[in-house]
Amino acid sequence: NTGDGEQLYECPMCSLTCTNVQILQEHVDLHLEEQSFPEGTLVDAILIVFENLRDLELAQQLQIEEDKQQRSEEERREKEEFKKLQRQYGLDNSGGYKQQLLKNMEREVDRGRMQPFEYHKRKADMMESLAFGIDDGKTKTSGVIEALCKYYQNENKDVRRVWLSASVDHFHSSLGDKGWGCGYRNFQMLLSSLLQNSSYEDCLRGIVLTPSIPKIQSMIEDAWKEGFDPRGASHFNNRLHGTKAWIGACEIYSLLTSLRIKCQIVDFHKPTGPMGTHPRLLEWILRYYSADNEGSAKVVCTSRPPIYLQHQGHSRTVVGIEERKNRTLCLLLFDPGCSSQEMQKLLKQSGDGTSLKLLRRLVGSLKEKQYQIVAVDGVLTLEEKAARCRASQVFTSEKIP
């Protein structure tokens, strides 16, 4: 071999080097025509050399073909995996909220579970809602925090103390976003609380009603255009509107910060307790709700907004935390996967608190490898917003060791 990887072949009679076997064979044939050799001597040796060279060339050719086929198969598998990921995360150009809602309503009509007149009415309502960029409110349940406050005032069995977030509406997934819309629904929950808090009135001056999912997608795109989280934006090809793309903590952070709402991402990147649990997550949330609410009251209805909670494949909203009489902690979560019918039960809370099973999560049930939270804590000045925009281009979260 030469230094640059080229294969050379040496003449067994005069040591001349050739670049391929064909040239070498023609060169040796000239030697044989000029000279006569006894049978079984050098001619046989030359023939053996040629056979070995042909075998070597064939083996090399077979190896090249095998390598080429292997690369082709790997490329095919990579493309298939990439397409699966695109489908899983809603980036396969199959349409977004509007297309999914229409398709699922048509399926409901075909199955006899929706009357044609209802289909056309809901389609007209959807088009109006999308035109104005507001949520239709059909998946919303209000008043749950207030009902919980009344329940805990009379509950004496298990709970020593409880801290509840400020008032927040529950939103659940619909036919238009089922399977991918949890991040948007949790943002709607968080925003519903901020809209009821006068401290955030200036930040949310342009938002009167809860925005629809396509509108939230456009709002996130606007945050990217301002310069927030360019790495995350590139993951989505700078486009969310018209897709079924999943969003997470980074997109929520970018959107809130673009609205001048002060927030932080805290990353619980590994378990901190036995059996893969995350006690430090619950301890952090307890400090968040109790920091400005010290006292002996059993039920503390705080002014703190709810917390966005993210883990692989799903997100939920933290609306409070219990301290049990045995000193264990229990989160209270609003889940977008819980229907309005189930949430309505919490408005008529029974004395035994059975409906609270929908909300309660002890530390033993939080065993995902990693959690992230987005917690709101005030308002940013324009200068602070600009500084956070620059910082988001390299770093957005605090890691809990």
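Readers should treat all values here as calculations from the given coordinates under stated rules, not as data from a laboratory. What you see is a predicted model; the values in this text were computed from it and never measured. Neighbour counts are summed over all protein chains in view; Cβ atoms, including those assigned to glycine, are modelled from backbone coordinates with ideal geometry.
Take the alpha carbon gyration tensor of segment 170-240, find the square roots of its eigenvalues, order them as a ≥ b ≥ c, and report rounded if a/c is under 1.5; if not, report prolate when a/b exceeds b/c, else oblate.
On the way: a/c = 2.38, a/b = 1.17, b/c = 2.04.
Oblate, since a/c reaches 1.5 and b/c is not below a/b.
Note down the magnitude of the dipole of the chain about its Cα centre, charges +1 on Lys and Arg C-beta and -1 on Asp and Glu C-beta and zero elsewhere, to the nearest 20 debye. Walk me through the intermediate numbers first.
Working: 53 positive and 56 negative charges, 883 e Å.
Roughly 4240 debye for the chain.
Please check: in the Gaussian network model of the chain (C-alpha springs, under 10 Å), which one of Ser258, Ser303, Ser15 has the largest mean-square fluctuation.
Looking only at Ser258, Ser303, Ser15, the biggest GNM fluctuation is shown by Ser15.
Cut-off 10 angstrom, C-alpha nodes, Gaussian network model of the chain. Which of Tyr119, Tyr200, Tyr288 fluctuates the most?
Greatest mean-square fluctuation among the candidates belongs to Tyr119.
Treating cross-link reach as a plain straight distance, find the lysines whose alpha-carbon is under 26 Å from the alpha-carbon of Lys103, omitting any fewer than eight places away in the same chain.
Of all the lysines, those that pass the test against Lys103 - Cα under 26 Å, at least 8 places apart if same chain - are Lys83, Lys84, Lys121, Lys123, Lys138, Lys140, Lys178, Lys215, Lys244.
Setting aside same-chain residues fewer than 8 positions from Lys270, which lysines have a Cα under 20 Å from its Cα?
Answer for Lys270, where 20 Å is the Cα cut-off: Lys367, Lys369, Lys399, listed by chain and number.
In segment 120-178, with Lys and Arg counted as +1 and Asp and Glu as -1 at Cβ, which of these residues, Ala124, Leu148, Gly137, has the Cα nearest the positive end of the dipole, that is, farthest along it?
Farthest towards the positive end: Leu148.
Between segment 131-191 and segment 267-291, how far is it from one alpha carbon centroid to the other, in angstrom?
The distance from the Cα centre of segment 131-191 to that of segment 267-291 comes to 22 Å.
Listed highest first by mean packing, meaning other Cβ atoms within 10 Å per residue, what order do 106-112, 158-164 come in? The partial results should precede the final answer.
On the way: 106-112: 11.4, 158-164: 19.0.
Descending packing order for the listed peptides: 158-164, 106-112.
As a check on your grasp of the helix formula, calculate [θ] at 222 nm for the chain: sum -39500 (n - 2.57) over DSSP H runs of n ≥ 4, divide by the residue count, round to the nearest 500. Don't jump to the answer; show the numbers that get you there.
Working: 12 runs with 176 residues, N = 401.
That comes out to -14500 deg cm²/dmol.
So what's the angle, to the nearest 10 degrees on a 0 to 90 scale, between helix 97-110 and the longest Cα principal axis of the chain?
80
Just to confirm a number: summing +1 for Lys and Arg and -1 for Asp and Glu over residues other than Arg113 whose beta-carbon lies under 13 angstrom from that of Arg113, what do you get? It would help to have the intermediate numbers written out before the result.
Numbers: positive: Arg107, Arg111, Arg122; negative: Glu106, Glu108, Asp110, Glu118.
Spelling it out: positives minus negatives among the neighbours equals -1.
For the chain, what proportion of DSSP beta bridges, expressed in % and rounded to the nearest 5, is antiparallel? Please report the intermediate quantities before stating the final value.
Numbers: 35 of 41 bridges.
Percentage antiparallel, nearest 5: 85.
From the square roots a ≥ b ≥ c of the eigenvalues of the alpha-carbon gyration tensor of segment 248-401, which class results: rounded (a/c under 1.5), prolate (a/b over b/c), or oblate?
Working: a/c = 1.69, a/b = 1.52, b/c = 1.11.
Judged from the Cα gyration tensor, segment 248-401 comes out prolate (a/c at least 1.5, a/b above b/c).
For the chain, just say rounded, prolate or oblate: build the C-alpha gyration tensor, square-root its eigenvalues into a ≥ b ≥ c, call rounded for a/c under 1.5, and beyond that prolate if a/b exceeds b/c, oblate if not. Spell out each step's value before the answer.
Working: a/c = 3.02, a/b = 2.51, b/c = 1.21.
Prolate is the answer for the chain, as a/c is 1.5 or above and a/b outweighs b/c.
For the chain, modelled as a GNM with alpha-carbon contacts under 10 angstrom, which of Asn52, Asn238, Asn186 fluctuates the most?
In the Gaussian network model the winner is Asn52.
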